[in-house]
Every structure is written in structure tokens, then in C-alpha cells.
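So the structure is just underneath, and the comments pick up after that.
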Amino acid sequence: MLVISCHADTGFPSHRLRRLGGGLVEGHLDNFIGVHAVMQAYFSGRMAGEGVRIELTWGEEEGLLGAQQVATTLAPSDTVIVVDVTGTPTDKDFVIEKCRDVSLRADLEATLAGLRYDLYGDCPDPISDCDETDVYQPVCPRTCFLGVPCTGGDYNAGVVGARLASVEAVAEALARLACRFAASTPSPDASSNKLPGSGTVAL
């Protein structure tokens with residue numbers, strides 16, 4: 001199972017977004033821009049099929065509560081991609097952080113060939129190194145963080161900037177990963193009418 005986790009709560013009492021032209025935006029982007037990227041991937045129509053699950057979590061700004069709830073439903077063999085903002089300096093379209101599992105790294109490099117990104121085993125973000133990855137990784141070793149780069153300040157404190165090209169690239173990355181997992185996941189067993197590896201009845 002591929003699980004895409006993206007927190008949909010925010011720490012700001014009010015919000016704004018401004019398009020600057022030239023493919024740039026500025027505003028309260030944590031984590032609206034991550035949700036935007038996930039929804040763009042979803043509405044591409046390329047994420048259908050068994051083996052893919054999207055979680056828009058709550059409570060990330062209050063101790064990662066939503067991720068803790070989701071983690072109780074995961075299996076050690078699941079792959080989790082956490083989508084959020086990052087302050088890691090880069091000239092690429094997105095950044096992959098905390099990718100410590102060798103097999104996951106190989107899968108990402110094969111699936112995302114041709115896209116422009118940086119890949120780290122740790123978290124070089126100077127603003128925050130705490131995110132939902134820290135909740136999921138002890139349960140699912142194949143977990144990593146996929147960050148939309150933000151510039152111009154502390155994304156936790158106020159207005160920052162980002163490129164719409166980063167949103168498009170993250171959406172493309174998610175769609176590719178979803179296609180890969182959907183293609184490698186067996187269809188439900190029609191004779192038992194149960195999803196593989198679970199007791200859930202397929203309706």
C-alpha cells in the first residue's frame with residue numbers, strides 16, 4: 001500500500017495568498033501548498049486503482065495527532081510519503097528528506113527519473129526537522145518526506161514564497177508513484193470479496 005499523508009490543518013488565525021506573476025506565489029503556505037499538490041495529483045485521474053491511499057491529516061500543528069491516528073492503521077510493509085513544505089535550500093523543484101530505507105530510495109530514483117529534486121537521508125531543513133515522517137517511520141521503514149520548497153522566511157511564522165512549478169512537479173511525482181504501486185498491487189480476490197491482506201469487504 002502507498003499512503004500519501006498531507007496535513008490539512010494550519011497554525012495561522014487568518015490566511016492570504018498572492019500570485020506574483022512569473023509562476024511565483026506568496027502567502028501562508030504551510031500546508032496549503034502541500035494539499036494543493038496532492039489534490040492536483042488526485043484530479044489528474046492517474047491515481048485510481050488498488051494500493052493507493054490519501055490521508056489529509058488533522059492536528060499536525062498540535063503534536064502530529066492526525067498522523068498518530070493514521071499510524072495505527074498501517075502495516076510495516078506500507079510505503080508512506082509525507083507531503084509538506086520545506087525550507088531546505090535548493091534550486092530543484094522539490095526535496096525528498098529522511099529517505100533512509102535503501103529499497104525506497106531505489107524505487108524513488110527509478111520512478112522519478114527525469115524530475116528535478118534533491119534526495120537526503122536526513123533533514124537539512126533549517127526551520128524545522130519535526131514532521132509526520134517521525135510518526136510513521138518507526139511503523140513503516142519505507143517512509144520519506146516530500147517537500148515543496150518555500151523561501152523568504154519561516155513558513156511556521158508567516159508569509160513565504162514558492163514556485164508553482166514545484167507544485168506541478170510534486171503532483172507529477174505523486175502520480176508516478178501511485179501508478180507504480182497500483183500496477184504492482186493485486187486486484188481484490190473476487191471469490192472472497194476481500195481486499196488482499198485485510199479483513200475489509202470490497203463493496
Gap in Å between the Cα centre of segment 74-111 and the Cα centre of segment 1-40?
-> 18
Pick out which of Ala37, Ala162, Ala113 has the largest mean-square fluctuation in a Gaussian network model of the chain, springs linking Cα atoms closer than 10 Å.
-> Ala113
Of Thr133, Gln69, Leu2, whose Cα points farthest to the positive end of the dipole of segment 2-184 (charges on the beta-carbon: +1 Lys, Arg; -1 Asp, Glu; origin at the Cα centre)?
-> Leu2
Theoretical FRET efficiency, 1/(1+(r/R0)^6), r = Cβ-Cβ of Leu24 and Asp154, R0 25 Å, to 0.05 | 0.85
Step through the residues of segment 35-46 one at a time and calculate ³J(HN,Hα) from phi using the Karplus curve (6.51 cos²θ - 1.76 cosθ + 1.60, θ = phi - 60°), rounding each to whole Hz and writing x for Gly and Pro.
-> 4, 4, 5, 5, 5, 5, 5, 4, 7, 6, x, 9
For the residue pair Ala8 and Val139, what label-to-label distance in nm results when each label sits 7 Å from Cα along the Cα-to-beta-carbon direction?
-> 1.8
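Within the chain, what's the longest stretch lacking trypsin sites (Lys or Arg not before Pro) that sit in DSSP loops with no more than 14 other Cβ atoms inside 10 Å?
On the way: sites that count: Arg16, Arg116.
Of all site-free stretches, the longest is 17-115.
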Using only alpha carbon pairs under 8 Å that are at least six residues apart, calculate the relative contact order of the chain and give it in whole percent.
-> 29
Compute the distance in nm between two label points, each set 7 Å from the Cα along the Cα-to-Cβ direction, one at Asp129 and one at Glu168.
-> 3.4
Under the 7 Å Cα-to-Cβ spin-label approximation, Arg116 and Ala182 lie apart by a distance in nanometres of 2.8
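What does the net charge come to around Leu112 if you take all other residues with beta carbon closer than 13 Å to its beta carbon, with K and R at +1 and D and E at -1?
Net charge in that neighbourhood comes out at 0.
Read-outs: derived from the displayed coordinates by stated rules, not from any lab. Here the structure is a predicted model, which is why all the values come from computation and not from measurement. Because the Cβ atoms are built from the backbone with ideal geometry, glycine has one as well, and the counts that use them run over all protein chains shown.
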